[in-house]
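Laboratory data are not the source of any read-out in this text; all were calculated from the coordinates shown. Here the structure is a predicted model, which is why all the values come from computation and not from measurement. Glycine gets a Cβ as well: all are built from the backbone with ideal geometry, and neighbour counts include every protein chain shown.
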Amino acid sequence: METSHGDESSAFERTRSRLDRLGDPALKAITFVAAALAVTALVQITYELIKGSRLAFHRFGFGFLTSQTWDTIHNQFGALSLIFGTAITAILAIVIAAPLAVAIALFLTELAPKPVRALLGALVEMLAAIPSVILGLWGILILGPFVQNQLEPFLGSTLGFLPFFRGQTSPTGILTATLVLTIMVVPIVASVTRELFMTVPPELREGALALGATRWEMVRGVLLPAARPGILAAVALGFGRAVGEAMAVLMVIGSQIGIHLSLFGHSDTLAARIAGQYNGASTNLQTSSLVYLATILLVISLAVNIGAQLLIRPIDRRPRRQRIALDRALETQGMSAD
Amino acid sequence: MAEPVFSLRTSGRLRRRQLVSRMMGALAFAAALLAVAALAIVVISVASKGASALSIDFFTKSQPQGFQPAGGGILFAIVGSAVIVGIATLIALPLGVLVAIYVSELAPPRLARVARLALDITNGIPTIVIGIFVFTIVAAHQSALAGSVALAIIMVPLIARATEEVLLLVPPAQREASLALGVSRWRTTFSVVVPSALGGILTGTTLAIARAAGETAPLLFLTALGTTSYADANPFHPLQSMTFAIFTYSDQADPAFQAKAWAAAFTLMCFVLATSLAAKLAMARYRKKLGG
């Protein structure tokens, strides 16, 4: 491949220069095509899904979004109950996971001794690498019985006056799905947040501490405000993952249509419903309805992801944000002195 | 105001502030402990249940005919996973690297930004949606190849972003030295820039492989259907896969099947954790070498 310039004959020289004259535009063209392919994949996916869901759209229209039925016998399909299941599991999971993840990131960057930091950081990232089907297996065979025999009876006896904690206990259901999703989402949000905290300039921390702030006041007044848009973006990405997770949820949620308040009860999500019908779609209309579900899922994930990207981009404008963070730090000082 | 100015003992409000600070610290510690406990519980239960169900037969025999619970192994699930992920890598690696070269070396800044945004957004699309996309394209015709295409769509953004990151780490002086010697751009790219970023590209690819090997959802519609899939390695047939084996075994009430699910999960987890850990360590070392 590589020849030293010394032994190049003039014939080789000529081919080389011709190659070089062709090489540069060729490289540009090939890489451009590859990039265009990668970029247009997004458009292609959207187009194909819309095309695939046309049959169901013609039949049900936007009423699909507000209908609860999923009746394979009478060929009636609607997504409302699935949208509800997706929303409740993903929102509950992110509400539990977000504070936990931020706390873990704080511990990893601010409190833990140096050698522990690297080790724990690696462990948290390992948790993020565990395949979701394994989490699902663990969820159904280990977590499920625990939820049925310990957690749900406990919740029922202490918080049973609320409609959320009533009903038949079961190893599968919204509660189990939420817990599995939480375990999935925490490491994702935690590792991004940890990196955000590490990019906050040390002068800001030291400034706050030098002004007499306690460690927590420094975190609340400097670190969190400085990293806020990034944390929100990380939470949005985690939410997107929870919304789109199919396997782990399919294995633990109980696959049942219907809207109810009880967290103990079975339910189903958009992604899990699609995955669960992989070999059961008997009619074209049902297949098309599944593609319709995928289209809804795509729209949600595009909205969440674009939102997250918009949140991340302004991070590049550092100077202004640093000023704000510093102002906040000073303000906290003023307030804490009452 | 009347407090002595030089008192070194904490009291009153300061004491309360420090107490709050310590309490928050304890909460953060508890959260970290919880995360580690969750990881430990998952890993230990998979390891203990999985390791006891492992045997030589498990790796060298196939699932007995008629989906019998007893005996046999997951040989063809392993073979199938290797074929599916292997082909996906063959598609995604060159594509991802070319995209990264365009974005970091050749593209005008505005186009580069658009491409980056598109890659990040593609990376956030639920994998089941990508599976359905390929399903509509191949018109429901199942094959391992279709599964590979779906996995490749998942891998390209990962490889491209990782590669782009290491291409940016290659010192500009190396490129300039090569260009100054009269070497053309494409030769500079392939004989100076890419080789010096090779370590990073390979670790990024390894991470993408670890991710793809653990995917189930995109394969469901494309190359699954457990018992009807072929016991061979032909990519034009629908092949079995590790993740799909775990999923179908876990669905059965028979404890013998559950034991198989644990064993397969343990095997897959070892592979995924080992490869991603090795890739991360290599990446850290590589960064230090280039960036330091």
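For the residues B:Met23, A:Met251, B:Met283, what sequence is obtained by ranking on other C-beta atoms within 10 Å, fewest first?
Lowest to highest Cβ neighbour count: B:Met23, B:Met283, A:Met251.
Local charge sum around A:Leu82 (other residues, Cβ-Cβ under 11 Å, Lys/Arg +1, Asp/Glu -1)?
Summing Lys/Arg as +1 and Asp/Glu as -1 gives 0.
Where the only charges are on Cβ atoms (+1 Lys, Arg; -1 Asp, Glu), what is the dipole of the protein assembly as shown about its Cα centre, to the nearest 20 debye?
Using Cβ point charges on Lys, Arg, Asp and Glu, the protein assembly as shown gives about 1540 debye.
With 10 angstrom as the radius, rank B:His237, B:His141 by how many other C-beta atoms surround their C-beta, starting from the fewest.
Exposure proxy ranking, most exposed first: B:His141, B:His237.
Please name whichever of A:Gln44, A:Pro115, A:Phe154 sits farthest to the positive end of the charge dipole of chain A, dipole taken about the Cα centre and charges placed at Cβ: Lys and Arg +1, Asp and Glu -1.
A:Gln44
Below 8 Å, C-alpha to C-alpha, sequence gap of six or more: please give me the relative contact order for chain B in percent.
Once divided by the residue count of chain B, the mean separation gives 25 percent.
Please report, in debye to the nearest 20, how large the charge dipole of chain B is about its Cα centre when each Lys and Arg carries +1 at its beta carbon and each Asp and Glu carries -1 there.
1500 debye
Using +1 at the C-beta of Lys and Arg and -1 at the C-beta of Asp and Glu, which of A:Ala93, A:Leu181, A:Ala227 has the Cα lying farthest in the positive direction of the dipole of the protein assembly as shown?
The residue sitting most towards the positive pole is A:Ala227.
Once you average over the residues of A:237-249, how many Cβ atoms of partner chains fall within 10 Å of each Cβ?
Partner Cβ neighbours, averaged per residue: 3.
With point charges of +1 on the Cβ of Lys and Arg and -1 on the Cβ of Asp and Glu, referenced to the Cα centre of the protein assembly as shown, which listed residue (A:Met126, A:Phe57, A:Leu310) lies farthest in the positive direction of the dipole?
It is A:Leu310.
With a sphere of radius 9 Å drawn around the Cβ of A:Arg215, what net charge do the other residues whose Cβ falls strictly inside it have (Lys, Arg +1; Asp, Glu -1)?
Neighbourhood net charge equals -1.
Counting helices only, and only those DSSP H runs with n ≥ 4, report the 222 nm mean residue ellipticity of chain B as the sum of -39,500 (n - 2.57) divided by its residues, in deg cm²/dmol to the nearest 500.
-24500 deg cm²/dmol
Within chain B, how many Lys pairs that are eight or more residues apart, or on different chains, come under 23 Å at the alpha-carbon?
5
Compute the relative contact order of chain A as a whole-number percentage, counting only Cα pairs closer than 8 Å that sit 6 or more residues apart in sequence.
25 percent
How well do other chains shield peptide B:36-49, expressed as the mean number of their Cβ atoms within 10 Å of each residue Cβ?
Taking the mean over all residues of the peptide, I get 4.
Please compute the modelled spin-label separation between A:Leu19 and B:Lys61, points set 7 Å along Cα→Cβ, answer in nm with one decimal.
Those two pseudo-labels are separated by 5.6 nm.
Within 10 Å of each Cβ of B:264-274, how many other protein chain Cβ atoms are there on average?
Going residue by residue through B:264-274 and averaging, the value is 3.
What's the ranking of A:208-217, B:147-156 by average number of surrounding C-beta atoms within 10 Å, highest first?
Put in order of decreasing packing, that is B:147-156, A:208-217.
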